Structure formats: structure tokens, C-alpha cells
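Peer 1: This is the structure I want to talk about, given as C-alpha cells.
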Amino acid sequence: MCELTRQIFQDGKTEGLQEGIQKGEIRSSRKTAGKMLRKGLYSLQEIVELTSLSLSEVQRLQARLNP
């Protein structure tokens, strides 16, 4: 039973780490996209390609920056 508990804990730890990394990457991409939008040198499509965010996500960021 102890080994099973240890494995469940390890699986949860691994899953949590992966989720944290993914959230960090998304946050970083949003931050980068915001900087690109403020510069005004990039098209929405270029921002999508460079950040891997969806077009709708980039459009939402743009709307927040230009109310």
C-alpha cells in the first residue's frame, strides 16, 4: 500500500508540474503578445504565429489594450 501511495503522489506531483509549466508558457506568450500589440509593428497573424496563441486570444488582448 505504501508503494501505491507513493506512486499516486508522484503522479500528482508530475501532473501539477506539467500544468504549472503550461500556465507559465501561456502567461509568457500573452505578455509577449501584449508587447507586440503595443509596438504596433506586427499584424495579428504574425503575433499568432510567433506566440502560438489563438487569433481570438490575441484579439481579446488587443481589445483590452484599446478599449
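Peer 1: May I ask you to list pairs of residues, at least six apart or on different chains, whose Cβ atoms are under 8 Å apart, with the first in the stretch 21-34 being of a type in the set (Ser, Thr, Tyr) and the second being part of a helix (DSSP H, G or I) and surrounded by fewer than 16 Cβ atoms within 10 Å (Cβ to Cβ)?
Peer 2: These pairs meet every condition: Thr32/Leu50.
Peer 1: Identify all residues within the stretch 49-60 that are under 10 Å from Ser29 (Cβ atoms), assigned to a helix (DSSP H, G or I) and of a type outside the set (Asp, Glu); write none if there are none. Walk me through it before giving the result.
Peer 2: Going through the stretch 49-60, the residues under 10 Å from Ser29 (Cβ atoms) turn out to be 50-53, 57-58.
Next, only the ones that are assigned to a helix (DSSP H, G or I) stay: 50-51, 57-58.
Leu50, Thr51, Val58 - these are the residues of the stretch 49-60 that are under 10 Å from Ser29 (Cβ atoms), assigned to a helix (DSSP H, G or I) and of a type outside the set (Asp, Glu).
Peer 1: Consider the stretch 27-67. How many of its residues are exposed (fewer than 14 other Cβ atoms within 10 Å of the Cβ) and under 11 Å from the mean Cα position of the chain (by Cα)?
Peer 2: 5
Peer 1: Of the conditions (1) modelled with pLDDT under 95; (2) surrounded by 12 or more Cβ atoms within 10 Å (Cβ to Cβ), Asp11 clears all except one; give me its number.
Peer 2: (2)
The values are calculated or read from the model by the stated rules, or taken from the named source; none is laboratory data. Given the structure is predicted, the values throughout are model-derived calculations rather than measurements. All Cβ positions, glycine included, derive from the backbone under ideal geometry; neighbour counts span all protein chains shown.
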